[in-house]
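Undergrad: Got a structure for you, written out below as structure tokens; questions coming shortly.
The values are calculated or read from the model by the stated rules, or taken from the named source; none is laboratory data. Everything numeric in this text was worked out from a predicted model, so none of it was measured. Here the Cβ is made from the backbone with ideal geometry for all residues, glycine too, and neighbour counts use every protein chain on show.
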Amino acid sequence: MSARTTATDDVDHPEPAAAAGPGRVAQRPLPADPRRWPGWAQALGIYLLARAFSAVVLVLVAQRQVENYWTGARPSYLQFTGLMWDAGWYRQIAEQGYPAVLPRGADGLVQQNPWAFFPLFPTMVRGVMVVTRGEWYVVAPLVALALGAAAAVVVRRLVEHGAPRAVAARPGLPLATVTLLAVFPTAVVLQVAYTESLALLLVAVALLLVVERRYLLAAVAVLALGFTRAVALPMAVVVVVHAIVRWRSSRRGGDPLGARDLAGLGVLGATAAVSGVAWPLICGWVTGERDGYLQTQGAWRGVREIVPFEPWGYVSQFWFGDRAPWVLAAGFGLVLASLLVPAAWRLGNELHVWSAAYLLYLTAAVEPGSSLARFLILAFPLGAVTAGLVRRPTVARRAWTAAVVVLMLGLQVVWVYAMWRLTPPTGWPP
């Protein structure tokens with residue numbers, strides 16, 4: 001059975017529309033029963049239902065938000081999603097651009113500044129603001145919501161086309177993956193003025209285009225990704241592994257690798273490598289400080305010097321003391337297990353390698369903290385792994401997916417209340 005015929009779980013597909021008469025356009029309205037909707041509509045419906053739940057959570061939590069750096073007490077939904085936390089930095093970029101000189105404190109160290117944030121999302125929002133004459137806090141969350149909707153549709157198609165063995169083993173896996181992605185504890189950021197929606201869309205599009213061997217179009221997506229989030233380098237690993245697999249298959253007389261494909265892979269690989277370093281280089285060129293981007297990133301860290309993997313040591317010691325090594329071992333063991341279980345190996349090479357390369361990149365490049373949970377959204381193929389842990393009988397896999405959904409929605413409420421709501425320090429405002 002092909003992946004295309006197992007994209008939905010116990011879903012009857014709609015009957016073909018009747019042929020249109022002369023001069024008429026065939027109409028195919030969505031059936032009343034969502035189970036008979038086409039896959040893209042089902043994915044979109046699941047995403048919007050999840051975002052409606054998140055919107056209710058945000059509104060309720062906003063009622064307990066006190067006056068803070070960005071909003072007054074009890075802000076509206078759009079103010080809460082369009083102005084809080086890093087949304088303020090993106091707003092500054094959209095309205096003022098980037099500084100030509102890195103700001104420094106009395107100690108001479110670089111202070112927090114907009115160069116830590118990539119330009120594509122605020123530039124897109126700025127364009128919509130110009131066209132609609134809307135304000136940032138209105139336009140930015142709505143743009144993010146729309147980008148996330150597109151990402152949900154692409155993710156469904158990517159799992160369907162990029163993981164045929166997994167889909168055959170677990171019917172309904174594409175929609176189950178979208179469901180677990182949409183209800184992930186930090187998926188609320190897909191509707192706030194952050195870059196996760198755009199990054200998710202570009203990662204999914206790039207992986208789908210690689211799977212479909214449309215390498216030049218994939219290079220365009222990867223180039224855009226390099227100006228959205230600092231995650232283009234893991235995509236280079238995906239390209240290398242994909243090329244090796246194709247080359248080995250060609251050598252064995254299977255999948256031929258022609259000159260056109262070789263050229264496309266070369267362009268794609270070079271684009272991924274360049275995209276991974278383009279923004280830091282631009283920052284250095286504009287500000288005149290070659291390591292300006294790293295200095296800016298250091299302003300957010302507990303330790304200024306950026307050394308790969310090192311933050312896990314001092315952060316875990318701060319939180320867990322003598323138990324830190326055991327906590328780290330348990331956490332890394334869980335992540336490793338998620339990449340090695342049979343459900344993970346049934347993924348296509350591209351989805352499996354992206355998950356592994358991206359998680360390794362996070363471990364090397366990120367100081368673990370409150371942002372780490374939302375960064376995990378881009379490891380969305382692990383949603384397919386989670387859903388694929390239970391394959392049969394039907395009642396068991398449905399019960400498993402439902403249990404995970406309930407758990408994630410509960411954790412989402414906890415995350416929004418504990419992390420998105422800001423309690424200013426005592427004595428504020430001054």
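Undergrad: Return the residue satisfying two criteria in turn: it lies in segment 316-332 and is aromatic (Phe, Trp, Tyr) and modelled with pLDDT under 85, and of such residues it is nearest to the chain's Cα centre (by Cα).
TA: 319
Undergrad: Please determine whether any residue of segment 18-35 is out of contact with any Asp or Glu (no Cβ under 7 Å at 6 or more places or on another chain), within 23 Å of residue 409 (Cβ to Cβ) and modelled with pLDDT under 95.
TA: yes
Undergrad: Could you list, ordered by first residue, the pairs with Cβ atoms under 8 Å in which the first is in segment 89-106 and within 13 Å of residue 293 (Cα to Cα) and assigned to a loop (DSSP other than H, G, I, E, B) and the second is modelled with pLDDT of 95 or more and aromatic (Phe, Trp, Tyr), at least 6 apart or interchain?
TA: What qualifies is 98/115; 99/115; 102/115.
Undergrad: Looking at residue 428 and the list (1) at pLDDT below 95; (2) under 19 Å from residue 53 (Cβ atoms), which single condition is not satisfied?
TA: (2)
Residue-by-condition table, conditions (1) within 26 Å of the chain's Cα centre (by Cα); (2) crowded, with 20+ Cβ neighbours inside 10 Å; (3) among the basic types (Lys, Arg); (4) not in a loop (DSSP other than H, G, I, E, B):
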site: 41; (1), (2), (3), (4): yes, no, no, yes
site: 44; (1), (2), (3), (4): yes, no, no, yes
site: 48; (1), (2), (3), (4): yes, no, no, yes
site: 52; (1), (2), (3), (4): yes, no, no, yes
site: 56; (1), (2), (3), (4): yes, no, no, yes
site: 59; (1), (2), (3), (4): yes, no, no, yes
site: 68; (1), (2), (3), (4): no, no, no, no
site: 73; (1), (2), (3), (4): no, no, no, no
site: 80; (1), (2), (3), (4): yes, yes, no, yes
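Undergrad: I'd like the full set of residues that are more than 23 Å from residue 418 (Cα to Cα) and either outside any helix (DSSP H, G or I) or in contact with a Cys (Cβ under 9 Å, 6 or more places away or on another chain) (or both), limited to segment 338-375.
TA: 341, 346, 347, 348
Undergrad: Looking at (1) at pLDDT below 90; (2) assigned to a helix (DSSP H, G or I), find the lone condition where residue 284 falls short.
TA: Failed condition: (1).
Undergrad: What do you reckon, is residue 335 in contact (Cβ under 8 Å) with a residue 40 or more places away in the chain, of a type in the set (A, V, I, L, M) and in a helix (DSSP H, G or I)?
TA: No; evaluated as a whole, the condition is false for this residue.
Undergrad: Which pairs have Cβ atoms under 8 Å, sit 6 or more apart or on different chains, and link a residue in segment 227-246 that is of a type in the set (Lys, Arg) to one that is not in a helix (DSSP H, G or I)?
TA: 229/118; 229/195; 246/255; 246/257
Undergrad: Would you check if there is a residue in segment 392-400 being crowded, with 19+ Cβ neighbours inside 10 Å, at pLDDT below 95 and within 23 Å of residue 334 (Cα to Cα)?
TA: Checking segment 392-400: at least one residue is crowded, with 19+ Cβ neighbours inside 10 Å, at pLDDT below 95 and within 23 Å of residue 334 (Cα to Cα).
Undergrad: Would you be able to tell me the number of residues in segment 287-329 that are part of a helix (DSSP H, G or I), closer than 17 Å to residue 372 by Cα and touching a Leu at 6+ places or on another chain (Cβ under 7 Å)?
TA: Total satisfying the criteria: 2.
Undergrad: Also, I was wondering about something else. Confirm whether residue 378 is out of contact with any helix residue (DSSP H, G or I) (no Cβ under 6 Å at 6 or more places or on another chain) and either more than 15 Å from residue 175 (Cα to Cα) or not in a helix (DSSP H, G or I) (or both).
TA: It is false that residue 378 is out of contact with any helix residue (DSSP H, G or I) (no Cβ under 6 Å at 6 or more places or on another chain) and either more than 15 Å from residue 175 (Cα to Cα) or not in a helix (DSSP H, G or I) (or both).
Undergrad: Identify all residues within segment 170-185 that are modelled with pLDDT of 95 or more and more than 17 Å from residue 355 (Cβ to Cβ); write none if there are none.
TA: 175, 179, 182, 183, 185
Undergrad: Checking residue 130 against (1) in a helix (DSSP H, G or I); (2) aliphatic (A, V, I, L, M); (3) under 21 Å from the mean Cα position of the chain (by Cα), which test does it fail?
TA: It fails just one condition, (3).
Undergrad: On the basis of being farther than 15 Å from residue 196 by Cβ and free of Cβ contacts under 8 Å to residues at least 24 places away in the same chain, does residue 132 make the cut?
TA: The answer is yes for residue 132.
Undergrad: From the list 386, 401, exactly one residue is assigned to a helix (DSSP H, G or I) and either of a type in the set (Lys, Arg) or within 23 Å of residue 203 (Cα to Cα) (or both). Which is it?
TA: Criteria check complete, one pass: 386.
Undergrad: Just give me the residues in segment 268-315 being of a type in the set (Ser, Thr, Tyr) and over 25 Å from the mean Cα position of the chain (by Cα), in sequence order.
TA: 287, 314
Undergrad: Now for a separate question. Within the bounds of segment 49-71, is there any residue that is at pLDDT below 95 and aliphatic (A, V, I, L, M)?
TA: Yes.
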